[in-house]
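What follows is one structure encoded as structure tokens, with my remarks underneath.
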Amino acid sequence: MLQVIDLEKRFFLHRLGREVLAFRQVSFSLQAGELLLLEGPNGAGKSSLLRTLYRSYCPTGGQILLQTPRGRVDLARLGDREILWIRREYIGYVSQFLDPRPRTTALELVAEPLLWRGVEESRARQRAAELLLELNLKPELLEAFPTGFSGGEKQKLNLARSLIHPYPLLLLDEPTASLDAGARKALRERLRLLKQQGTALVGVFHSPEDVAGLVDKTYHLEEKQDVAVRT
Ligand SMILES: Nc1ncnc2c1ncn2[C@@H]1O[C@H](COP(=O)(O)OP(=O)(O)OP(=O)(O)O)[C@@H](O)[C@H]1O
Ligand SMILES: [Mg+2]
């Protein structure tokens, strides 16, 4: 369902007048229901690779072939407008940080992806509440504005927003870094369930036990192979 071929991302640092390599020659394929674990030292390009798969970054080379019910698309070549609907329909992405929106409650933020899909509002809110409580969010925070939430509470929200709908492809960037033990366990169960439903996952995880028994493939990103210098 996902085939990545010779993917590469370089950044051009204008201030320094030179390029920085995030990663290069990345190739792998992933079937529905498989989990690929991304490994590598700090700065190896793990987050950049996830952002490139989500097309927050535009790759500087290679292909990202995603199978959709409307046929196969190359995310590396799609325009920004097409990327928006592809994301909404097919790709979930959990970053490490949540940018809370002003005057939107925790429950509203998490229920939103279901509302986009036409789920009736009270049902969507109910499912959002169940998921947040499963991740051990304090019940009194459901109707609160997340601006004042702790790091771990924000991460729970962020996760819930991407887990509430089974996206065909889910990208996870260290989603457990600030989670307590109960939430980690709940997340592992959710991921197991998503795999059973056919979601393909690509993730970076701080501790391997967070995905114990769930990993099908491992991709190791090496430390920088080259830093091209432009003068
Ligand atoms: N937006 C950007 N502009 C310029 N350089 C960037 C940008 N994003 C990432 N980089 C560079 O790309 C390289 C890879 O960074 P990335 O964040 O992908 O590493 P990582 O493997 O996720 O590291 P960590 O384990 O610390 O999270 C780094 O050298 C970084 O400085
Ligand atoms: Mg990272």
Everything considered on the Cα gyration tensor (a ≥ b ≥ c; rounded for a/c under 1.5, else prolate if a/b is larger than b/c, else oblate), the chain must be described as prolate
Positive-pole candidate from His220, Tyr167, Asn136, dipole of the chain, charges at beta carbon = Tyr167
Give me the net charge of Arg81's neighbourhood, meaning all other residues with Cβ under 12 Å from the Cβ of Arg81; Lys, Arg count +1, Asp, Glu -1.
-> +1
Quick one: what does P(r) look like for the stretch 1-49 with 5 Å bins over all Cα pairs, in whole %?
-> 5, 17, 22, 23, 16, 8, 5, 3, 1
Tilt, helix 106-116 to longest principal axis of the chain (alpha-carbon atoms), in degrees rounded to tens, equals 70
Tail weight of P(r) past 24 Å, computed on alpha-carbon pairs of the stretch 1-95, percent = 20
As a check on your grasp of the helix formula, calculate [θ] at 222 nm for the chain: sum -39500 (n - 2.57) over DSSP H runs of n ≥ 4, divide by the residue count, round to the nearest 500.
-> -10000 deg cm²/dmol
Prolate/oblate/rounded label for the stretch 140-231 (Cα gyration tensor, a/c 1.5) = oblate
Quick calc: nm separation of the 7 Å Cα→Cβ label points for Leu115 and Leu13 -> 4.2
Evaluate the distance, in nm, between pseudo-label points positioned 7 Å from the Cα of Glu82 and of Gln126 along their respective Cα→Cβ axes.
-> 4.0
Taking every other residue with Cβ under 9 Å from the Cβ of Lys195 and scoring Lys and Arg +1, Asp and Glu -1, one gets -1
Work out, step by step, the length gained on full extension between Gln196 and Tyr57: first 0.36 nm times the residue separation, then minus their alpha carbon distance; give nm to one decimal.
-> 47.1 nm
Using alpha carbons only, how many degrees (0 to 90, rounded to 10) separate the axis of helix 121-134 from the longest principal axis of the chain?
-> 80
Summing +1 per Lys or Arg and -1 per Asp or Glu among the other residues with Cβ less than 10 Å from Asn136's Cβ gives +1
Filtered hits (lysines, Cα-Cα < 23 Å from Lys154, offset >= 8 within chain) -> Lys46, Lys138, Lys185
Of the listed peptides 170-180, 60-70, what is their order by residue-averaged count of other C-beta atoms within 10 Å, with the highest listed first?
-> 170-180, 60-70
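Laboratory data are not the source of any read-out in this text; all were calculated from the coordinates shown. Fair warning: this is a prediction, and the values are worked out from it, not measured in the lab. Positions of Cβ are generated from backbone atoms using ideal geometry, with glycine treated the same way; all protein chains shown enter the neighbour counts.
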